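For reference, the structure is listed below as structure tokens.
What follows is calculated from the coordinates using simple rules that are stated; it is not laboratory data. Bear in mind that the values here come from a model prediction, so they are computed numbers and not experimental data. For neighbour counting, all protein chains shown are included, and Cβ atoms are generated from backbone atoms with ideal geometry for every residue, glycine included.
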Amino acid sequence: MKVSKFNQLFTQLSLFSLLVVASFSTSCNKEAVPIVLTGNWDLDTAGVMVYIVYSPEVALEYPNSVKFLGDNIQEIRKELMKPNIITFKIPNIVECIYNNVPLPVKGTFVQENAVFTITNGMFPEGIAGASDGLRLELYYNHEYLMSILYKFLTEEDDSPAVYDKIIERFEGVGAYRIWK
């Protein structure tokens with residue numbers, strides 16, 4: 001992954017997530033503790049979130065599309081509850097285990113302090129994440145979430161172009177905890 005792409009993904013991280021990571025990795029009188037990703041990380045379903053910001057003017061024009069989004073937000077959230085387990089191995093190997101795939105999806109990761117990027121067959125361009133050593137978050141971007149949304153659309157629904165106009169911001173977070 002190019003450095004500029006990594007920087008672009010990094011800037012998409014929420015301020016809240018960075019503050020959480022910073023608070024766990026530093027204290028008043030100590031230097032930052034290195035974040036170790038190695039090990040198994042289990043999905044924390046309560047920590048999986050989806051955020052949608054609508055254009056109010058466009059949403060008024062397409063009330064059925066807004067209703068569709070409200071009716072399907074939990075289904076979109078369920079799609080972010082994958083993989084179930086992420087295993088980081090030395091030197092930079094990562095395996096993602098999905099319920100519906102018999103073998104782990106293998107890939108690589110690049111880590112810079114508390115921030116990392118996973119690249120695999122599911123995310124050939126990479127997916128950004130952050131960890132404090134106990135919790136780990138993956139950050140799903142607008143394009144990925146729109147691709148999930150498009151899969152739910154039927155012929156009776158408005159076209160994808162309508163949703164492109166309605167949705168101004170679409171982000172998701174997948175949360176994991178280290179196995180003890």
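Annotations
- Applying the Karplus relation 6.51 cos²θ - 1.76 cosθ + 1.60 with θ = phi - 60° to region 158-172 yields 3J(HN,Hα) values of 5, 5, x, 4, 5, 5, 4, 6, 5, 8, 8, 9, 9, 9, x Hz, where x marks Gly and Pro.
- Contour excess over end-to-end distance, with Cα ends at Ala46 and Glu61 and 0.36 nm allotted per residue: 2.1 nm
- Over 18 Å (Cα to Cα) - which of Lys67/Lys165; Lys82/Lys165; Lys106/Lys151 fall in this group: Lys82/Lys165; Lys106/Lys151
- A straight chain from Tyr150 to Arg177 at 0.36 nm per residue would run longer than the Cα-Cα distance by 6.7 nm.
- Fraction of alpha-carbon pairs over 12 Å apart in region 115-176 - percent: 72 percent
- Electrostatic dipole magnitude of region 33-180 [Cβ: Lys, Arg +1; Asp, Glu -1; Cα centre; debye, to 20]: 780 debye
- Shown here for region 96-178: GluC sites (Glu not before Pro) in loop regions (DSSP other than H, G, I, E, B) with at most 15 other Cβ atoms within 10 Å, namely Glu125, Glu155, Glu156.
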